[in-house]
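Engineer: Have a look at this one.
The values are calculated or read from the model by the stated rules, or taken from the named source; none is laboratory data. Small disclaimer: the values here were computed from a predicted structure and weren't measured. As a convention, Cβ positions derive from the backbone with ideal geometry for all residues, glycine included, and neighbour counts pool all protein chains shown. Note: areas computed on protein heavy atoms with side chains; ligands, DNA, RNA excluded. Shrake-Rupley method; radii C 1.70, N 1.55, O 1.52, S 1.80 Å.
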Amino acid sequence: MRRGSLTLRGIAGAAVLAALPVVATTPAHAHDEGKVHATVSPASAASGAKVEISVDGCDGTTGSAGSGAFTGDAKLTGRDGDKYSLNGSATIRDGVTGSYDVTIVCDGHPHQGAGTVRVVQHHSEPVSPVRAGGGGTAQLAAHTEEAGPGTRHAVIGLVLAGVAAVAVALRSVRRRRSE
């Protein structure tokens with residue numbers, strides 16, 4: 001009789017222990033069901049650029065955002081995350097390109113793939129002149145393709161030089177007459 005009682009208690013204890021991991025993992029599964037969403041702005045950024053991260057679906061007021069594209073984890077803050085978004089900023093690492101998942105940690109749980117960021121190559125030289133200063137000459141410079149003075153400028157220069165030579169000659173003649 002005593003053995004039956006011990007066996008029954010052992011089976012009940014094993015059933016309780018087997019049920020505990022299921023109960024303990026149920027809240028974690030609830031967090032992984034896509035409740036948390038991250039938006040990275042701009043969605044495409046170059047190395048060294050700063051991006052803003054906005055997260056919806058977190059119950060707390062703080063969290064962090066991490067990605068292989070970021071120089072470090074971004075701190076997220078907000079008020080009453082259940083009703084408002086958590087916000088933060090991160091800097092894109094140098095030497096990376098492609099698409100990267102963003103992992104959000106809030107409510108004590110990681111939310112992998114809550115958002116994505118795309119890193120594009122940075123163009124080191126501007127493709128057109130900057131519209132700053134010069135009184136609008138940047139627009140003129142963008143349309144000018146000549147490397148130096150053309151035929152038109154040479155003809156105008158020769159005409160002006162001829163007019164100057166005639167003026168000097170006439171002045172010399174006037175001086176000689178007055179003497």
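Engineer: Quick check on packing: order 91-103, 59-71 by the mean number of other C-beta atoms within 10 Å, highest mean leading.
Structural biologist: Going by the mean number of other Cβ atoms within 10 Å, highest first, we get 59-71, 91-103.
Engineer: Solvent-accessible area per residue for segment 68-119 at a 1.4 Å probe radius, Å²?
Structural biologist: Normalised by residue count, the accessible surface of segment 68-119 is 55 Å².
Engineer: Which percent of the accessible heavy-atom area of segment 32-108 goes to carbon and sulfur, probe 1.4 angstrom?
Structural biologist: 45 percent
Engineer: Also, quick follow-up: Run down the lysines and flag those whose C-alpha is under 20 Å from the C-alpha of Lys35, throwing out any fewer than 8 positions away in its chain.
Structural biologist: Lys75, Lys83
Engineer: Shifting gears a bit: Which length gain, in nm to one decimal place, applies between Asn87 and Ser99 when the Cα-Cα distance is subtracted from 0.36 nm times their residue separation?
Structural biologist: 2.2 nm
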